[in-house]
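Enquirer: The structure is given below, and queries will be raised subsequently.
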Amino acid sequence: MGIFHFKQFDVLNERSAMKVNTDGVLLGAVTEVFPTDRSVLDIGTGTGVVALMLAQKLAQFGDDFRILGIDVDGPSATEAAGNFAASPWCRHLEALGTSLQEYFRTDPGERVQPDLIVSNPPFFDNSLNAPDARRNAARHTGDTLSYREILEYASVNLSQEGRVSMILPAGIEAQLLRFARMCGFVPWRMLRIRTKEGKPYSRIIVRFRRRLPGEPATVVEESEMVLSDKEGKRTSQHASLVTDYLL
């Protein structure tokens with residue numbers, strides 16, 4: 001795959017189990033950052049593209065931020081570390097080859113409460129396994145990672161005003177929201193995504209925050225996006241979303 005060139009950074013795209021893809025770019029573009037965000041945790045960072053997009057956003061507020069990308073796949077973490085080191089925000093980015101479970105077991109004194117947790121987690125529970133073992137581990141739930149683990153981790157470790165942002169298949173929306181409610185979260189914003197005009201939703205990007213006492217667990221703000229028109233051209237909404245990143 002070589003190098004994927006963005007406007008403000010490059011992503012070496014050779015060793016990671018999961019390459020630069022539309023889901024990751026959408027997640028990075030949609031996820032909001034705030035001037036008060038000091039710590040970001042990117043779970044399953046892959047090439048590091050989402051972390052790099054968030055660093056580009058956070059840099060406009062100053063240089064007092066840190067983004068940690070973790071990935072259970074060692075070569076992916078190594079490639080992300082190289083991409084971080086080559087970026088304009090190298091002092092603010094770090095990659096670790098570790099699972100979320102292992103990271104959770106580290107000394108709490110060494111962990112910083114994240115203000116934002118972001119993840120493009122494995123989600124093809126019932127699909128056929130990918131032929132490549134590393135890619136299969138990156139894209140299937142099982143002993144590696146799931147949105148449930150992420151929300152459970154966030155319920156304990158996220159800062160009080162923090163958020164969780166994930167991209168997942170549209171078909172698991174109901175069970176996702178139900179589990180999030182059990183973990184004390186409310187869907188603050190939800191973007192439903194169609195790949196093409198006339199097709200059903202294929203993805204959702206949900207941003208969660210902690211649920212306030214007495215607050216209903218319904219979605220606070222909903223929107224939708226169509227990625228391509230009937231001719232296959234990128235829609236103006238899609239183009240506007242990624243214009244700060246894609247060449």
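The values are calculated or read from the model by the stated rules, or taken from the named source; none is laboratory data. Just so it is clear, the structure is predicted and the values come from calculations on it, not from any experiment. Cβ: placed from backbone, ideal geometry, glycine included. Neighbour counts: every protein chain shown. For accessibility, only protein heavy atoms count, side chains too; no ligands or nucleic acids. Shrake-Rupley method; radii C 1.70, N 1.55, O 1.52, S 1.80 Å.
Enquirer: For the structure I just gave you, tell me whether ALA86 is open to solvent by less than 60 Å² (accessible area, probe 1.4 Å) and either in contact (Cβ under 8 Å) with a residue 40 or more places away in the chain or not aliphatic (A, V, I, L, M) (or both).
Expert: Numbers: open to solvent by less than 60 Å² (accessible area, probe 1.4 Å): no; either in contact (Cβ under 8 Å) with a residue 40 or more places away in the chain or not aliphatic (A, V, I, L, M) (or both): yes.
In short, no.
Enquirer: Can you name every residue in the range 18-60 that is part of a loop (DSSP other than H, G, I, E, B) and basic (Lys, Arg)? Talk me through it step by step, then tell me what you get.
Expert: We begin by selecting, within the range 18-60, every residue part of a loop (DSSP other than H, G, I, E, B); these are 18-21, 31-38, 44-48.
Selection gives LYS19, ARG38.
Enquirer: Another question, then. Could you look through the range 7-17, keep only residues that are outside any strand (DSSP E or B) and modelled with pLDDT of 95 or more, and pick out the one that is nearest to TYR245 (Cα to Cα)? Spell out how you get there, then give the answer.
Expert: Our first condition is that a residue be outside any strand (DSSP E or B); within the range 7-17, this holds for 7-9, 13-17.
In the following step, the residues that additionally are modelled with pLDDT of 95 or more were identified as 7-9.
Working: LYS7: 5, GLN8: 7, PHE9: 9 Å.
By that ranking, first place goes to LYS7.
Enquirer: State all residues of the range 226-247 that are open to solvent by less than 80 Å² (accessible area, probe 1.4 Å) and over 26 Å from PHE9 (Cα atoms); if no residue qualifies, say none.
Expert: Selection gives VAL226, ASP229, GLY232.
Enquirer: Taking the range 200-220 as the region of interest, how many residues are exposed (fewer than 14 other Cβ atoms within 10 Å of the Cβ), modelled with pLDDT of 95 or more and among the charged types (D, E, K, R)?
Expert: Matching residues across the range 200-220 total 0.
Enquirer: Of the residues in the range 41-89, how many are more than 16 Å from the chain's Cα centre (by Cα) and under 19 Å from LEU241 (Cα atoms)?
Expert: Of the residues in the range 41-89, 2 are more than 16 Å from the chain's Cα centre (by Cα) and under 19 Å from LEU241 (Cα atoms).
Enquirer: Taking the range 31-42, which residues are buried (at least 19 other Cβ atoms within 10 Å of the Cβ) and either of a type in the set (Gly, Ala, Ser) or under 18 Å from SER99 (Cα atoms) (or both)? Break it down into steps so the answer makes sense when it comes.
Expert: Residues of the range 31-42 buried (at least 19 other Cβ atoms within 10 Å of the Cβ): 31, 33, 37, 40-42.
Selection gives VAL40, LEU41, ASP42.
Residues checked against (1) over 21 Å from PHE104 (Cβ atoms); (2) touching a residue at least 12 places away in the same chain (Cβ under 8 Å); (3) crowded, with 17+ Cβ neighbours inside 10 Å:
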{"residue": "GLY2", "(1), (2), (3)": "yes, yes, no"}
{"residue": "PHE6", "(1), (2), (3)": "yes, yes, yes"}
{"residue": "PHE9", "(1), (2), (3)": "yes, yes, yes"}
{"residue": "ASN21", "(1), (2), (3)": "yes, no, no"}
{"residue": "LEU26", "(1), (2), (3)": "yes, yes, yes"}
{"residue": "ALA29", "(1), (2), (3)": "yes, yes, yes"}
{"residue": "GLY44", "(1), (2), (3)": "no, yes, yes"}
{"residue": "VAL49", "(1), (2), (3)": "yes, yes, yes"}
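Enquirer: Looking only at the range 27-40, filter to residues that are under 9 Å from the mean Cα position of the chain (by Cα) and of a type outside the set (Ser, Thr, Tyr); which one of those is nearest to GLU224 (Cα to Cα)? Walk me through how you get there before you give the answer.
Expert: Step one: of the range 27-40, the residues under 9 Å from the mean Cα position of the chain (by Cα) are 27-28, 31.
Pick out the ones that are also of a type outside the set (Ser, Thr, Tyr) and you get 27-28.
Details: LEU27: 14, GLY28: 16 Å.
The selected residue is LEU27.
Enquirer: Here's something else I'd like to know. Hey, could you check the range 190-247 for residues that are under 17 Å from the mean Cα position of the chain (by Cα), in contact (Cβ under 8 Å) with a residue 60 or more places away in the chain and assigned to a strand (DSSP E or B) and say which is farthest from VAL156 (Cα to Cα)?
Expert: Within the range 190-247, the first condition is being under 17 Å from the mean Cα position of the chain (by Cα), and the residues that meet it are 190-193, 202-209, 241-242, 245.
Next cut, in contact (Cβ under 8 Å) with a residue 60 or more places away in the chain only: 191, 193, 203, 205, 207, 241-242, 245.
The next check asks that each one be assigned to a strand (DSSP E or B); those that pass are 191, 193, 203, 205, 207.
Details: LEU191: 25, ILE193: 30, ARG203: 27, ILE205: 22, ARG207: 17 Å.
Within the range 190-247, the match that is farthest from VAL156 (Cα to Cα) is ILE193.
Enquirer: Filter the range 60-80 down to the residues that are farther than 18 Å from PRO122 by Cβ, open to solvent by 40 Å² or more (accessible area, probe 1.4 Å) and hydrophobic (A, V, I, L, M, F, W, C) and list them by number.
Expert: PHE61
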